[in-house]
Amino acid sequence: MLLGAGPQADLFVAVTSPDDMTEHAPLAVALAQAAAVAGDQVVLVDADFGDPSVNQVLGSPNEYGLSNVVAEGGSIDTAIQRDEQSSLLFVPAGTMPDVSHYREPDMDAAVERLADFFSTVIINLRTVSEQPDAQILT
């Protein structure tokens, strides 16, 4: 992955960990912030509905996010927030922790919409080895 490489084919990066004891959200945030600072059109998506933590790392609220968009059939555009420190755009996990959202057609639509506007989409996932529903999103 080349940061600051400019327009290129869409790049999707999924960040997870081998177990629940290993925090991976800080790595996803650092990677996304580095890409934003390098000038890439990047968005960070927190899809860890069971343990939403991207917003905590960035010091932002988690009142409305990806899970709300999928559950309510809304537009992903309404859930995008900006990190004032790095100008990173991100989507928090939201307040509906139902992992069945990974299987919803609105999840596909939300990710595709982000890919239309961003060249790099970094997705913070649940621990894949213990959460098979996260493998669907991957």
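Can you tell me which of (1) under 23 Å from THR127 (Cα atoms); (2) open to solvent by 70 Å² or more (accessible area, probe 1.4 Å); (3) touching a residue at least 24 places away in the same chain (Cβ under 8 Å); (4) more than 12 Å from the chain's Cα centre (by Cα) is the one PRO105 doesn't meet?
(3)
Checking SER17 against (1) touching a Pro at 6+ places or on another chain (Cβ under 8 Å); (2) of a type outside the set (Val, Ile, Thr); (3) open to solvent by less than 40 Å² (accessible area, probe 1.4 Å); (4) in a loop (DSSP other than H, G, I, E, B), which test does it fail?
Of (1) touching a Pro at 6+ places or on another chain (Cβ under 8 Å); (2) of a type outside the set (Val, Ile, Thr); (3) open to solvent by less than 40 Å² (accessible area, probe 1.4 Å); (4) in a loop (DSSP other than H, G, I, E, B), only one is false for SER17: (1).
Of the numbered conditions (1) open to solvent by 30 Å² or more (accessible area, probe 1.4 Å); (2) within 21 Å of HIS24 (Cβ to Cβ); (3) assigned to a loop (DSSP other than H, G, I, E, B), ASP48 fails exactly one; give the number of that condition.
Going through the list (1) open to solvent by 30 Å² or more (accessible area, probe 1.4 Å); (2) within 21 Å of HIS24 (Cβ to Cβ); (3) assigned to a loop (DSSP other than H, G, I, E, B), ASP48 breaks only (1).
Here's the yes/no breakdown for (1) open to solvent by 20 Å² or more (accessible area, probe 1.4 Å); (2) in a loop (DSSP other than H, G, I, E, B):
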{"position": "GLU63", "(1), (2)": "yes, yes"}
{"position": "ASN68", "(1), (2)": "no, no"}
{"position": "GLU84", "(1), (2)": "yes, yes"}
{"position": "PRO97", "(1), (2)": "yes, yes"}
{"position": "SER100", "(1), (2)": "yes, no"}
{"position": "VAL111", "(1), (2)": "yes, no"}
{"position": "LEU114", "(1), (2)": "no, no"}
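Considering the stretch 116-131 alone, what residues qualify as being open to solvent by less than 80 Å² (accessible area, probe 1.4 Å), in contact with a strand residue (DSSP E or B) (Cβ under 9 Å, 6 or more places away or on another chain) and not polar (S, T, N, Q)?
PHE118, VAL121, ILE122, ILE123, LEU125, VAL128
Just checking, which of GLN85, GLN81, GLN131 is modelled with pLDDT of 95 or more and among the polar types (S, T, N, Q)?
GLN81
How do the pairs read when you match residues in the stretch 23-37 that are under 11 Å from VAL54 (Cβ atoms) with residues anywhere that are open to solvent by 50 Å² or more (accessible area, probe 1.4 Å) and not hydroxyl-bearing (Ser, Thr, Tyr), using Cβ under 6 Å and keeping only pairs 6 or more apart or on different chains?
Once the first residue is under 11 Å from VAL54 (Cβ atoms) and sits in the stretch 23-37, its partners that are open to solvent by 50 Å² or more (accessible area, probe 1.4 Å) and not hydroxyl-bearing (Ser, Thr, Tyr) give ALA25/VAL57; PRO26/VAL57; VAL29/VAL57.
Of all residues in the stretch 30-77, count the ones that are among the polar types (S, T, N, Q) and touching a helix residue (DSSP H, G or I) at 6+ places or on another chain (Cβ under 6 Å).
Residues meeting the conditions: 3.
Is it true that some residue in the stretch 20-30 is within 15 Å of the chain's Cα centre (by Cα) and among the polar types (S, T, N, Q)?
Scanning the stretch 20-30 turns up no residue that is within 15 Å of the chain's Cα centre (by Cα) and among the polar types (S, T, N, Q).
From the list THR22, THR78, pick out the single residue that is not in a loop (DSSP other than H, G, I, E, B) and not acidic (Asp, Glu).
THR78
The values are calculated or read from the model by the stated rules, or taken from the named source; none is laboratory data. Computed from a predicted model, the values in this text were never measured in an experiment. Cβ sites come from the backbone with ideal geometry, for glycine too, and all protein chains shown count toward neighbours. Accessible surface areas use protein heavy atoms only, side chains included; no ligands, DNA or RNA. Shrake-Rupley method; radii C 1.70, N 1.55, O 1.52, S 1.80 Å.
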